[in-house]
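Reviewing the structure listed below.
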Amino acid sequence: MATQTQSGLISGFETTYITRAELSDEGLKAIQERLNGVVAQYGGEVVMQEDWGKRKLAYPIAKESRGHYTYFVYTGKGDVVHEIERNLRLNDQVFRFLSVNLEKEFNIEAFKKARAEQQAAAKRREEEREARREERMAAMGERRSYAPRHQHAEAPEAAASEE
């Protein structure tokens, strides 16, 4: 789908929203399909949707301590963000949402490339962190590998019997 208008590239947006943790996969998919329909209605394109999973909330919202996070990147014209937010506001399963205008002239390919680089860097950092943790655990294991106490107690007696 072409993402250009007469005045240049189309605007890009991201919306992150939190739903109830108990929401079924079908319910979550229904919300996503509804948002995809709104984006298509406003002449946009869904760039990516990421399911960040269930996480503990920083503070309780509507007496809930866990929520299901979803990250949604899209393009569109006009009031696409207002319509997305209106649909999220009307859904009782959605706790919170946040929409951000990424760029007025959004380049999908550049965004996907930058996102892939960010994810690769995050994966590298995680692997390095895990390697350091394993090294620390191995070093702790070496430091703790010492002779049992009863061998130290026998040493002076053995020295005394040799005299």
Of the conditions (1) within 22 Å of Arg20 (Cβ to Cβ); (2) at pLDDT below 90; (3) surrounded by 12 or more Cβ atoms within 10 Å (Cβ to Cβ), Asn107 clears all except one; give me its number.
-> (1)
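Those residues that are without any contact (Cβ under 8 Å) to a residue 24 or more places away in the chain and in contact with a Phe, Trp or Tyr (Cβ under 9 Å, 6 or more places away or on another chain), I need them from segment 33-51; list them, please.
Asn36, Glu50, Asp51
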Criterion (of a type in the set (D, E, K, R), more than 18 Å from the chain's Cα centre (by Cα) and at pLDDT below 85) met by exactly one of Arg144, Arg132, Arg136 = Arg144
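Based on what the data block shows, is Val100 part of a strand (DSSP E or B), under 20 Å from Lys29 (Cα atoms), β-branched (Val, Ile, Thr) and assigned by TED's automatic domain parsing to the domain that holds Thr16?
Taking the combined requirement at face value, the residue does not satisfy it.
Residues Phe72, Phe106, Phe97: which one is under 16 Å from the mean Cα position of the chain (by Cα) and touching a residue at least 60 places away in the same chain (Cβ under 8 Å)?
Values: Phe72 fails: touching a residue at least 60 places away in the same chain (Cβ under 8 Å); Phe106 fails: under 16 Å from the mean Cα position of the chain (by Cα).
Among Phe72, Phe106, Phe97, only Phe97 is under 16 Å from the mean Cα position of the chain (by Cα) and touching a residue at least 60 places away in the same chain (Cβ under 8 Å).
If we scan segment 7-30, do we find a residue that is on the phi > 0 side of the Ramachandran plot and out of contact with any Lys or Arg (no Cβ under 9 Å at 6 or more places or on another chain)?
No, segment 7-30 contains no residue that is on the phi > 0 side of the Ramachandran plot and out of contact with any Lys or Arg (no Cβ under 9 Å at 6 or more places or on another chain).
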Starting from residues that are assigned to a strand (DSSP E or B) and aliphatic (A, V, I, L, M), keep the ones in segment 59-74 and report whichever is surrounded by the fewest Cβ atoms within 10 Å (Cβ to Cβ).
-> Ile61
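The values are calculated or read from the model by the stated rules, or taken from the named source; none is laboratory data. What you are looking at is a predicted structure, and each value in this text was computed from that prediction instead of being measured. For neighbour counting, all protein chains shown are included, and Cβ atoms are generated from backbone atoms with ideal geometry for every residue, glycine included.
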